[in-house]
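First the structure, in the form of structure tokens, and then the observations on it.
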Amino acid sequence: MSAQRPESTLSEVLALERRLTRERAARKAAEVLLEEKSRALYEAVQTARRATRKLELTLWASGEAIWEWDLESDELRFTTPAKSDEAPEVECISALDYLARIHPEDIEGVNLAWRLLVSGASSEYDVQFRERVSGRWLRVRGRATERAPGGAAVRVLGTAKDVTGLRRKDETLRLLGLAFANATEPLLLCSAEGTVLEANHAMGALAGMALASLSGRALVELIPGTDLSDDDARSSPDLKQWADVSLAVDGRQIPVDAIATRLGADDVGGARWIVSIRDLREAKRIESEVTTLARFDRLTGLLNRHAIQQQLDESIKAGDVLTLPILLVNIDGFRAVNDSVGAREADGLLATLAERIARSLPEGWRLGRWGGDEFIVIGKAGEDVRCAQQAGNVAMAAVAEPLVMEGASLSLTASAGIAVYPDDGDHAEALLHSAGVALRAAKREGRARIECYNARLEEDGLRRLTLVNLLRRACDAEEFQFVAQPRVDAQRRAVGHEVLIRWQTLQWGFVSPAVFIPLAEENGMIDRIGRLAIRAAAKLAADLRDRGIDEAVSVNLAARQLRDTTLIDQLLAELHAHDVSPRMIELEVTESGLINDIDATKRLLDALRAEGFTLALDDFGTGYSSLSYLESLPFDKVKLDRSFIRAVNVEDRSRRLVRGVVDLCAALGMGV
């Protein structure tokens, strides 16, 4: 027995080792299985989390919140998902607080739907209501996820969404329906495919068709080019516009604008479109008139400034023009005519003159109104300055033909400035500038003449501009000097003094009044110079009086001063300031200042004479000399122009003429 025991022990050991090996293998297999199960469980959890997050994002994107209710707590728990990984917003409120948030007008419907769900009478809860405070519209939907044996809800789960925007769209559609029914403009209601579903009465009236005849027709057939599916239209996906298309009905083409507004989709026929139609016939008529007015002068019917300048520019840019003359023509003294006869009569005269000038021009020459009393003539391509001078002379002759106005004959003159492309300007603006320079030179040289552009005129214009600026500065600083020139009679006895103005500049020394007085008149400075001259006359009269000299002081009044309603007040104020009587002042008026409004001038002169001023007609015998002035106006004396008496000592004819004027003035009680 003892001899066999070691073998038995070994066998037991081996069996034990095999048993341990099997246990280790089983344990290893269990560990592997556990690891696999753990991994699978982890992945399932992650998948569930991703699904939950995806659901949360979906709810966030749709603007919906999750809510739940349970019977035990009788609370509503609202969970608003967040876009990021942040925790969602959670709000818990009691059922009573929930009801308190609802607008009083909506609470009854909400209560009824809730009772039906909780009692089991309804499987769904779907209500819309307004919040009492914010006024927002909410849509709350839900289902019972757990019910008691009797069917009563124990737990409810659902979503809530702000539908204020949707409600507003619904209201918009309702208002559109009312607008459609009552609109005075033509309207069509079309399907998404562009089929006319309805038309209002205004549309029927425009088309001249019964409303039933319009229904069922394709919009694109009624108004070709209005394809609602066309993405190239000048529009957005919800708004399409078509300008200047035609409504085609019964062979007629009616010009219209169309605007299609997408109303959105419904549950039956998809999107709807409201198409508004605007009848363009009246607008087209007005546009035609406006186009005419934009290109043509209403008074004369000629091309206006913009249109004629455009034609000039196009003619030059054509490239095949070697020479091209233009003329600027101005009616001399027309402003005085306008002031004298009134705007309506003056316009009639201007239209007559325009017609005359147009008829006088050579064939191929174009006439336009440049503005006011100024016209522009574009010559024929290839013509030179000689041809322009001939055309200008003919035009001036046409202007000079007598005009009959209210039974009286009126003669006018014109001045013209000529410039020729390309010598006087290589583009329209430069050419027009040169013609303007030439015209102003013609006016300065005495009017009723033609001047051709040259560089010297430009220099004269620059000097003139410089003088104007210096003159304005002199007016501001009162830099003028006034001197007293004695007046003597035939026996060389002093009978008075005349105030004369002098102006000295650093650049040109003394400038003649014959130069700067016309500049002052043209640029609105003569009133200020006139006031300074009146002050100088009053001061001189006071000085003479203080020295015991009883002689009158004469001062000139410009034409513009005669139109100043404050002239008498100015005179009296200066005389009062120097304690001078009006009888010591003699006011000289030139004939050119009398032609604007003879009646108004007479009233002014009568008033001046009534104040005690002496009145003299200056430079009689030149310009607009008229014996009617001597008869109708209250002058005390007449001053003959120097040129009128220059030959009195050598020509018998001149002596007789001067003697006749002197005798006439004496017969009228006027001194000479």
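Before moving on, here are some points about what is shown:
- The residue of region 542-556 that is nearest to residue 501 (Cα to Cα), among those that are among the small types (Gly, Ala, Ser) and surrounded by 17 or more Cβ atoms within 10 Å (Cβ to Cβ), is 554.
- Residues that are more than 17 Å from residue 378 (Cα to Cα) and charged (D, E, K, R) were ranked within region 394-425; the one that is least open to solvent (accessible area, probe 1.4 Å) is 401.
- Residue 559 being among the hydrophobic types (A, V, I, L, M, F, W, C), in contact with a Ser or Thr (Cβ under 7 Å, 6 or more places away or on another chain), under 17 Å from residue 614 (Cα atoms) and open to solvent by 10 Å² or more (accessible area, probe 1.4 Å): no
- The condition (being open to solvent by 80 Å² or more (accessible area, probe 1.4 Å) and either in contact with a His (Cβ under 7 Å, 6 or more places away or on another chain) or part of a helix (DSSP H, G or I) (or both)) is satisfied by just one residue among 464, 502, 447, 473: 473.
- Subset of region 154-194 (residues that are modelled with pLDDT of 85 or more and among the acidic types (Asp, Glu)): 162, 185, 193
- Criterion (assigned to a helix (DSSP H, G or I), surrounded by 22 or more Cβ atoms within 10 Å (Cβ to Cβ) and out of contact with any Ser or Thr (no Cβ under 8 Å at 6 or more places or on another chain)) met by exactly one of 430, 435, 442: 435
- Of all residues in region 423-462 being within 37 Å of the chain's Cα centre (by Cα) and modelled with pLDDT under 85, the one that is nearest to residue 310 (Cα to Cα): 458
- Subset of region 409-444 (residues that are touching a His at 6+ places or on another chain (Cβ under 8 Å) and under 27 Å from residue 341 (Cα atoms)): none
- Test result for residue 319, assigned to a loop (DSSP other than H, G, I, E, B) and farther than 24 Å from residue 438 by Cα: yes
- Residue match in region 533-556 (condition: part of a strand (DSSP E or B), under 30 Å from residue 445 (Cβ atoms) and under 51 Å from the mean Cα position of the chain (by Cα)): yes
For (1) open to solvent by less than 30 Å² (accessible area, probe 1.4 Å); (2) within 30 Å of residue 66 (Cα to Cα); (3) part of a strand (DSSP E or B), each residue gets a yes or a no:
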position: 160; (1), (2), (3): yes, yes, yes
position: 170; (1), (2), (3): no, yes, no
position: 193; (1), (2), (3): no, no, no
position: 213; (1), (2), (3): no, no, no
position: 220; (1), (2), (3): no, no, no
position: 224; (1), (2), (3): no, no, no
position: 228; (1), (2), (3): yes, no, no
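- Take the conditions (1) out of contact with any Lys or Arg (no Cβ under 6 Å at 6 or more places or on another chain); (2) modelled with pLDDT under 85; residue 263 misses just one of them, which is (1).
Residue by residue, here is whether (1) over 34 Å from the mean Cα position of the chain (by Cα); (2) part of a strand (DSSP E or B); (3) among the small types (Gly, Ala, Ser); (4) at pLDDT 90 or above holds:
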site	(1), (2), (3), (4)
327	no, yes, no, yes
339	no, no, no, no
346	no, no, yes, no
364	yes, no, yes, yes
380	yes, no, no, yes
388	yes, no, yes, yes
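- Checked against the criterion of being touching a Gly at 6+ places or on another chain (Cβ under 9 Å) and open to solvent by 30 Å² or more (accessible area, probe 1.4 Å), region 308-318 has at least one qualifying residue.
- Considering region 390-408, the residues that are assigned to a strand (DSSP E or B) and in contact (Cβ under 8 Å) with a residue 24 or more places away in the chain include one that is farthest from residue 433 (Cα to Cα), namely 405.
- So residue 520, is it within 16 Å of residue 613 (Cα to Cα) and part of a helix (DSSP H, G or I): no
- Residue check for residue 204: modelled with pLDDT of 85 or more, surrounded by 13 or more Cβ atoms within 10 Å (Cβ to Cβ), among the small types (Gly, Ala, Ser) and on the phi > 0 side of the Ramachandran plot: no
- Scanning region 521-534 for residues that are of a type outside the set (Asp, Glu) and farther than 14 Å from residue 479 by Cα yields 523, 524, 526, 534.
The values are calculated or read from the model by the stated rules, or taken from the named source; none is laboratory data. This is a predicted model, so every value here is computed, not measured. Counting neighbours? That spans all protein chains shown, and the Cβs are built from the backbone with ideal geometry, glycine included. The area values use the complete protein model at the heavy-atom level, side chains included, leaving out ligands, DNA and RNA. Shrake-Rupley method; radii C 1.70, N 1.55, O 1.52, S 1.80 Å.
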